[in-house]
Every structure is written in structure tokens, then in C-alpha cells.
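Peer 1: Structure incoming, see below.
The values are calculated or read from the model by the stated rules, or taken from the named source; none is laboratory data. These numbers come from a predicted model, not from an experiment. All Cβ positions, even for glycine, are placed from backbone atoms using ideal geometry, and neighbour counts span all protein chains on display. Side chains included, ligands, DNA and RNA excluded: accessible areas come from the protein's heavy atoms. Shrake-Rupley method; radii C 1.70, N 1.55, O 1.52, S 1.80 Å.
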Amino acid sequence: GKADIRGKQYLIDLTKQEFPVIPTIDDVRHLDCLPRTSRFVVKPKDGADSVGIKFVTSRELQEQEWNGYLIQPAMDIKYEISFYFIDKEFQYALHAPDKQRRWELKNYEPTKEDLHFAQIFIEWNDLSHGIQRVDACRTEVDDVLLVELEDLNPYLSLSVLNEAQREAFIAKLIISMKQVI
């Protein structure tokens, strides 16, 4: 894969290529590439699981070095959505309808537009086998933007699925694994 398995540089690259991602830079000299905001999110380029994430003001951002960090605008969102794929084939989607409770996930019925959005990143990543999770957010103006493309160790939230969904996912995963072995 080309995404989280290699760190978070891909978010900067996708921003430069004008993909629908949360705008991302790694150098304060490029702040003009981000939407105007008074708060920013900085996170380690090689981080995972929200470890090391900081919310800073514009002033704080200018006052220190951020080598090895990504810089993004702090955005108002309605909710986050995760799309789960095996071998580039969509399996299910979950979302956190209450943005204050990010890990209280519910089933999500994606629209055609939602699936098209997620598929853009699955195709970009060009990973023919295995699990990928496209994490996105829906902004207050209804845009859907990539948060991250997890191709390293995606948490699957299988406990949220009903038994039929879980069994179907596991069956597809076994088929995928057998193709690689």
C-alpha cells in the first residue's frame, strides 16, 4: 500500500494533487495552502491511534518547530465515517453520529456518492489484496474529506456488525488470505 503503512506523507501528497482530503502540510511556511483558521491540528507523520496529536492556535503554531509533524486546519464536522474494503470490494460502513463520542459507532448506509468517494482512495492506493479502511469526515457544509487511509492495521469494529455481516466479512477475508498464500 501507499497509505498509512508508509506513514502520513500521502496526506500531503494527496492535498497537492487536489484529492478530497483534509488539507495537509508539513511546513508552517505553506500555511497559505490551508483554509484560514485560528486553530490547527498537528500530528506526527509516523504516528497512529491519535498518539501525539495536539490542537494549537495560530500563534502556537508559529512559535515552535514542527519537524516530523503534519499540520491541518481544525475543522468543524458533522460526523466521521469509515468504509471497509477487502480486495478493493466494499464490505460495510460505520459512522459516529455523535462527534463527541467518536468510538460509539453505528451502521451507516452509504450513498452512491459516498461509495464513489471511498473508491477513489482504494483505487489510488492500488493494493490488490487485503483489508483497507477509508476514514472520512462529513463537514458542516456536507463535503466528505479523507481523514486517513488505513492499510496497515485497521481496527474493524466487528462487534458493531450483526452476525450475518460479521460472518460475510470473515468469509471474504479468508478468501482474500487464501489468494495470497
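Peer 1: With a ≥ b ≥ c the root eigenvalues of the C-alpha gyration tensor of the stretch 1-53, is it rounded (a/c under 1.5), prolate (a/b larger than b/c) or oblate?
Peer 2: oblate
Peer 1: Can you list the residues, at least 5 places off or on another chain, whose amide H is less than 5 Å from the amide H of Arg39, using H built in the peptide plane?
Peer 2: Ala74
Peer 1: At 7 Å along Cα-to-Cβ for each site, give me the label-to-label distance between Phe90 and Leu158 in nm.
Peer 2: Going by the 7 Å Cα→Cβ label model, 2.3 nm.
Peer 1: Using the Cα gyration tensor of the stretch 99-181, with a ≥ b ≥ c the square roots of its eigenvalues, what is the shape: rounded (a/c below 1.5), prolate (a/b larger than b/c) or oblate (neither)?
Peer 2: Note, shape of the stretch 99-181 comes out oblate.
Peer 1: Additional query: Can you tell me the accessible area per residue over the chain, all protein chains present, probe 1.4 angstrom, in square angstrom?
Peer 2: With the other protein chains kept in place, the chain gives 58 Å² per residue.
Peer 1: Now for a different question. As a check on your grasp of the helix formula, calculate [θ] at 222 nm for the chain: sum -39500 (n - 2.57) over DSSP H runs of n ≥ 4, divide by the residue count, round to the nearest 500.
Peer 2: It comes out at -8000 deg cm²/dmol, rounded to the nearest 500.
Peer 1: Suppose R0 equals 30 Å; then what is the FRET efficiency for Ile5 and Lys178 from their Cβ-Cβ distance, rounded to the nearest 0.05?
Peer 2: Rounded to the nearest 0.05, the efficiency is 0.90.
Peer 1: Just to be sure I understand the model, the point goes 7 Å from the Cα along the line to the Cβ. What's the resulting Thr111 to Glu18 distance in nm?
Peer 2: Going from the Thr111 label point to the Glu18 one covers 2.3 nm.
Peer 1: Turning to a different aspect of this structure: Going by average Cβ neighbours within 10 Å, how do the peptides 124-131, 85-92 rank, with the highest at the top?
Peer 2: Output ranking for 124-131, 85-92: 85-92, 124-131.
Peer 1: Take the stretch 65-110, drop everything but the C-alpha atoms, weight them equally and run the Debye formula without solvent; then report log10 I(q)/I(0) at 0.20, 0.21 Å⁻¹ to two decimals.
Peer 2: Taken in order of the listed q values, log10 I(q)/I(0) reads -0.76, -0.79.
Peer 1: Run the dipole for the stretch 1-147 about the Cα centre, Lys and Arg Cβ at +1, Asp and Glu Cβ at -1, nothing else charged, and hand back the magnitude in debye, nearest 20.
Peer 2: 300 debye
Peer 1: If you don't mind, another one. So, in nm, how far is label Thr57 from label Arg36 when the simple model puts each one 7 Å beyond its Cα toward the Cβ?
Peer 2: The modelled label-to-label distance comes out at 1.8 nm.
Peer 1: Using Cα atoms only, what is the angle between the long axis of helix 112-125 and the major principal axis of the chain, expressed in degrees (0 to 90) to the nearest 10?
Peer 2: Long axis of 112-125 versus the principal axis of the chain: about 80 degrees.
Peer 1: May I ask you to order 167-176, 112-121 by the average number of other C-beta atoms within 10 Å around their residues, highest value first?
Peer 2: Listed from highest to lowest mean packing, they are 112-121, 167-176.
Peer 1: Note down the Stokes-Einstein diffusion coefficient of the chain in µm²/s, whole number, using a Kirkwood radius over alpha carbon pairs, 37 °C, and 0.692 mPa s.
Peer 2: In µm²/s, the coefficient rounds to 191.
Peer 1: Can you classify the stretch 39-87 as rounded, prolate or oblate using the Cα gyration tensor, where a ≥ b ≥ c are the square roots of its eigenvalues, rounded means a/c under 1.5, and otherwise it's prolate if a/b beats b/c and oblate if not?
Peer 2: Because a/c hits 1.5 or more and a/b fails to exceed b/c, the stretch 39-87 counts as oblate.
Peer 1: Principal axis extents for the stretch 6-88, Cα atoms only, whole Å, descending order, please.
Peer 2: 44, 26, 25
Peer 1: Give me the percent of the accessible area of the chain that comes from carbon and sulfur atoms, probe 1.4 Å, all protein chains in place.
Peer 2: Answer for the chain: carbon and sulfur cover 50 percent of the accessible area.
Peer 1: What is the angle, in °, between the Cα long axis of helix 163-180 and the longest principal axis of the Cα atoms in the chain? Nearest 10 is fine, range 0 to 90.
Peer 2: 90 degrees
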